[in-house]
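Peer 1: Pasting a structure below so you can have a look.
The values are calculated or read from the model by the stated rules, or taken from the named source; none is laboratory data. Remember, predicted model here, so these are calculated numbers, not experimental data. Neighbour counts are summed over all protein chains in view; Cβ atoms, including those assigned to glycine, are modelled from backbone coordinates with ideal geometry. Keep in mind that these areas ignore ligands, DNA and RNA; they rest on the heavy atoms of the full protein, side chains included. Shrake-Rupley method; radii C 1.70, N 1.55, O 1.52, S 1.80 Å.
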Amino acid sequence: YGSAVALAQREVATLRGASAGEHFGFAVAFVGDLDADGAADFAVGAPGTANAQGRVHVYSGSTTALLYTFDGAAAGDHYGSAICGVGDASGDGHADLAVGAPRGVKWFSFAAGGYVEVRSGATGAVV
């Protein structure tokens with residue numbers, strides 16, 4: 001079955017969330033080479049963490065070591081529902097990432113007003 005390409009594919013790593021209900025893996029994105037090791041790094045959203053405050057874990061693409069963990073501001077934010085690499089938004093020579101938090105008790109309830117944070121790939125700080 002399959003082609004030569006399919007036969008050559010293999011699992012590189014499996015990452016799992018810490019607890020049921022956190023929705024680990026709801027959003028996953030390559031975010032550029034944050035740790036400057038030559039491999040693209042990736043972020044995994046867990047918007048159900050801590051009463052839906054939400055959390056994002058950023059991992060090294062070469063070792064899967066945890067580089068950063070970011071938390072939403074308040075319960076119900078669903079921080080980490082959306083993640084994307086944004087290039088070097090801060091102009092410091094390092095790739096950065098954006099994290100979305102739609103905020104609201106019901107998914108995509110726009111009445112609560114969501115937010116997006118742009119995080120520095122060099123320091124993890126909000127840009």
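Peer 1: Going 7 Å from the Cα of A75 toward and past its Cβ, which residues in region 29-57 have a backbone nitrogen under 19 Å from where you end up?
Peer 2: Within reach of a label on A75, which here means backbone N under 19 Å from a point 7 Å along Cα→Cβ, region 29-57 contributes 46-56.
Peer 1: What order, most packed first, do the peptides 49-59, 86-96, 13-23 have when packing is the mean number of other Cβ atoms within 10 Å of each residue?
Peer 2: 49-59, 86-96, 13-23
Peer 1: How big is the charge dipole of the chain about its Cα centre, in debye rounded to the nearest 20, if each Lys and Arg gets +1 on its Cβ and each Asp and Glu gets -1 on its Cβ?
Peer 2: Charge dipole, the chain, about its Cα centre: 520 debye, nearest 20.
Peer 1: Measuring with a 1.4 Å probe in the full set of protein chains, what accessible area per residue, in whole Å², belongs to the chain?
Peer 2: For the chain, the solvent-accessible area averages 55 Å² per residue.
Peer 1: Here's another thing I want to ask about it. For E11 and V126 in one chain, what is 0.36 nm times their gap in residues minus the Cα-Cα distance, to one decimal in nm?
Peer 2: 38.1 nm
Peer 1: If amide hydrogens are placed 1.01 Å from N in the peptide plane, which non-local residues have theirs closer than 5 Å to the one on H23?
Peer 2: Distant-sequence amide H within range of H23: G48.
Peer 1: Of (1) 34.4, 126; (2) 16.2, 52; (3) 15.7, 51, which is the value of Rg and Dmax of the Cα atoms in Å derived from the coordinates here?
Peer 2: Answer label, from the structure shown: (3).
Peer 1: Per 0.36 nm of contour for each residue apart, how much would the distance between V28 and S62 grow if the chain were fully extended, relative to their Cα-Cα spacing?
Peer 2: Result: 10.6 nm gained on full extension.
Peer 1: Can you tell me, using C-alpha contacts under 8 Å and at least 6 residues apart, the relative contact order of the chain as a whole percent?
Peer 2: So the answer I get is 18 percent.
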